[in-house]
1. Taking the mean number of other Cβ atoms within 10 Å as a proxy for protection, how do you rank 178-185, 193-200, 117-124 from highest to lowest?
2. What are the aspartates and glutamates whose alpha-carbon lies under 15 Å from the alpha-carbon of residue 133, with same-chain residues fewer than 8 places away excluded?
3. By a straight-distance test (C-alpha under 13 Å), which aspartates and glutamates pair with residue 69 as possible cross-link partners, with residues fewer than eight away in the same chain excluded?
4. Can you give me the long-range amide H partners of residue 232? Hydrogens built in the peptide plane at 1.01 Å from N, cutoff under 5 Å, separation of 5 or more residues or another chain.
5. If I fit a long axis through the Cα atoms of helix 139-151 and take the longest principal axis of the Cα atoms of the chain, what angle between them do I get, 0 to 90°, rounded to 10?
6. Return the equivalent ellipsoid semi-axes of the stretch 108-254 as a descending list in whole Å, where each equals the square root of 5 times an eigenvalue of the C-alpha gyration tensor.
7. Before I look further, what does the chain give for accessible area per residue, probe 1.4 Å, in whole square angstrom?
8. Normalised radius of gyration for the chain, please: alpha carbon Rg relative to 2.2 N^0.38 Å, two decimal places.
Amino acid sequence: MKTEDAAIAAINQATTELRLPSLKAQAEPLAATAVKTGLTHMGYLAELLACEVDDRNDRLRARRINEAKFPRMKRLADFDLTASQVKPTVLAKLATGSYLEAGEPIVLLGDSGTGKSHLLIGLGIAACEMGKKVKYTTCANLINELVEAADDRQLSRTVARYGRLDLLCLDEVGYVHADPRGAELLFQIMTEREERASIAIASNLPFSEWGQVFPNPRLVSAVVDRVTFNAHIIETGSQSYRYQTSKRKTETSK
């Protein structure tokens, strides 16, 4: 029978080899708590394993958020609905992530400053916290990446990588005009994900003006068709969300 010190040393060694850092850290303090509370051996083991599982999930969520490459942290809970025309019920439904399981698109349309990027990032972070694979990028950056991949003969690999994502967050659609080649490459990404995995798009242009982004009329029609089928289309309006939020904060502080 092992002494207490020998048992602790054996646990430390085993948890190090098995890569169970949380179990290693909590084994001794939880054992002391178990003695005080009269917890059974099985109860102690269950508590210990629960700590490891919770911490592992926390690390996974943090890694997913880091890998998504968000430009800043914006959570849905921090979005000021009182300064926006977005309905709380719509946002609450999307926050559940049910659209991800169905592979449904989300399109955020509105003028600059109306909260599109905040919502886009917030939805992405919420998906990461559900354990989903997410990637954030702007339309211009994605097109540049695809053009470079095509030039390096890595296009199929890059398209496949984007196809494996649970959610692609595509920001700033409409801010930069895409040349015919770039538009066609972007269309490949949308086709790869169609009705299989979700894409969330933020644009300052209504669909009728997407011809400013995609120069080929047929391509515009095909793109709009793909991103609107079974989509959640949210109009954030024309009144600046940032301005309204700042105004409310100023009035509150008076």
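1. 117-124, 193-200, 178-185
2. 58, 67, 101, 166
3. Within reach: 171.
4. Correct list: 106, 107.
5. 90 degrees
6. Computed over the stretch 108-254, the values are 29, 18, 14 Å.
7. Spelled out: the 1.4 Å probe surface of the chain, per residue, equals 57 Å².
8. In units of the 2.2 N^0.38 Å rule of thumb, it is 1.32.
The values are calculated or read from the model by the stated rules, or taken from the named source; none is laboratory data. These numbers were taken from a predicted model, which means no experiment stands behind them. Neighbour counts run over all protein chains shown; Cβ positions are idealised from the backbone, glycine included. The protein model used for the area step is the full one, side chains on, heavy atoms only, and it has no ligands, DNA or RNA in it. Shrake-Rupley method; radii C 1.70, N 1.55, O 1.52, S 1.80 Å.
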